[in-house]
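Quick note: the coordinates plus some simple rules give every number you see, no bench work behind them. Computed from a predicted model, the values in this text were never measured in an experiment. Because the Cβ atoms are built from the backbone with ideal geometry, glycine has one as well, and the counts that use them run over all protein chains shown.
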Amino acid sequence: MIIRQDVLIAQEEWGTGIVKIGSAMPERRTCEQETERLIDSLYAFERGRVLFKPTKAADIQFRFTKAGATSYFIAGNEDYPEDHGFALNPWLRVRFENASMILEETRAFAMGNYYFTNPNGNEIRVEYTFGYTQAENGNLKIDLHHSSLPYTT
């Protein structure tokens with residue numbers, strides 16, 4: 001059975017991974033390595049399709065492949081020309097504020113806000129829903145990633 005702590009650990013690892021990618025700039029190869037590590041360890045692409053809807057994607061808003069997710073995080077893929085490398089921002093911290101979770105035997109869902117702290121100390125709030133599946137080693141892997149900026153009037 002997946003427990004709340006499993007989700008919290010996966011979220012902490014995700015936030016740490018995003019910070020590591022940005023802190024590796026301007027070393028492009030290091031950013032690529034950190035992105036590959038994050039995706040391979042925290043996303044379930046090895047099982048097949050992952051439902052990945054990143055925050056700042058309008059032209060190709062739904063990504064189902066590792067290449068699509070990688071491009072969103074660090075750009076550089078001509079198939080996704082709108083990508084600017086979200087994770088290349090030098091984020092200082094990422095923190096999750098969970099509104100609720102659904103915990104099942106081998107699946108979990110979490111929804112809420114996550115906050116990205118920029119170098120000026122300002123937090124950018126983003127809404128998210130992540131779906132997790134349990135890997136063979138017991139760790140959680142993301143197979144549903146949806147994030148969006150909050151609605152404003």
Flagged in the range 4-41 as among the small types (Gly, Ala, Ser), out of contact with any Pro (no Cβ under 6 Å at 6 or more places or on another chain) and either touching a residue at least 24 places away in the same chain (Cβ under 8 Å) or not in a loop (DSSP other than H, G, I, E, B) (or both), in numbering order, are Ala10, Gly15, Gly17, Ser23, Ser41
In the range 91-141, which residue that is touching a helix residue (DSSP H, G or I) at 6+ places or on another chain (Cβ under 7 Å) and charged (D, E, K, R) is farthest from Gln5 (Cα to Cα)? Arg93
